[in-house]
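Visitor: Sharing a structure with you now.
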Amino acid sequence: PMHRIERPSRTFATFCDALAYAGTDRNIALLAALGSGKNQNFVRRLKAACGGKFWSITTLTALVDSNAASAQTAHYRDDLSVISATGSVTSTVHWMTTDAGKALAAGMGAGDTVVIDEFDAVARMLLDVPTILDRFKQSETLEALVAMREAGVRFVLLDGDYSAAGRELAALLGCESV
């Protein structure tokens, strides 16, 4: 089920259909209702289909814990050696401004995938009046995301909400709403 406000460019009956559409290189913003199983039914399959590094980003530590478990990734609190060895990690958006997060972002390129879960909340954190992230960290994080996109990283954005900030972030990352 899609969010009632946004009209996506395409709709799909199942997450498998959406995954088939996304393929291995399409940037998408997948709009699906809370509790619909985005992480259980889509992200795990997406990670399995990825050939490169995989980074799942979200807003809250509690979501990181559950998303890391469902996607079977390393956790950002793990040693960098564990993250490097697995080639996949789940983190908060705040972690992107740490030395480890910056190193991971700089090492991502074509064939790698970044999933931003609860991307509308992430977009508000990055584009609206500073709350949790100050202006410098907002700018630094946005620059890192855009640099990854320019390096060929594929972005998949997941949420049920889609504000003006969410649409702006999706556009910055070259994502089509589905």
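Values in this text are rule-based calculations from the coordinates and carry no lab data. In this text the structure is predicted, and so the values were computed from the model without any measurement. Using ideal geometry, Cβ is built from the backbone for each residue, glycine included, and neighbour counts are taken over all protein chains shown.
Visitor: Go through region 31-66 residue by residue and tally those that are of a type in the set (S, T, N, Q) and closer than 18 Å to Met108 by Cβ.
Guide: Taking region 31-66 as the starting set, the residues that turn out to be of a type in the set (S, T, N, Q) are 36, 39-41, 56, 58-59, 61, 66.
From what's left, closer than 18 Å to Met108 by Cβ: 56, 58.
Matching residues across region 31-66 total 2.
Visitor: Test each condition in (1) assigned to a loop (DSSP other than H, G, I, E, B); (2) under 21 Å from Ala105 (Cβ atoms); (3) not hydrophobic (A, V, I, L, M, F, W, C) for Ser139 and report the one that comes out false.
Guide: Tallying (1) assigned to a loop (DSSP other than H, G, I, E, B); (2) under 21 Å from Ala105 (Cβ atoms); (3) not hydrophobic (A, V, I, L, M, F, W, C), Ser139 fails exactly one: (1).
Visitor: Sticking with this structure for a sec: On the given criteria, is Leu142 closer than 21 Å to Ala170 by Cβ, surrounded by 14 or more Cβ atoms within 10 Å (Cβ to Cβ), without any contact (Cβ under 8 Å) to a residue 40 or more places away in the chain and not charged (D, E, K, R)? Reasoning before the result, please.
Guide: Values: closer than 21 Å to Ala170 by Cβ: yes; surrounded by 14 or more Cβ atoms within 10 Å (Cβ to Cβ): yes; without any contact (Cβ under 8 Å) to a residue 40 or more places away in the chain: yes; not charged (D, E, K, R): yes.
Answer is yes for this residue.
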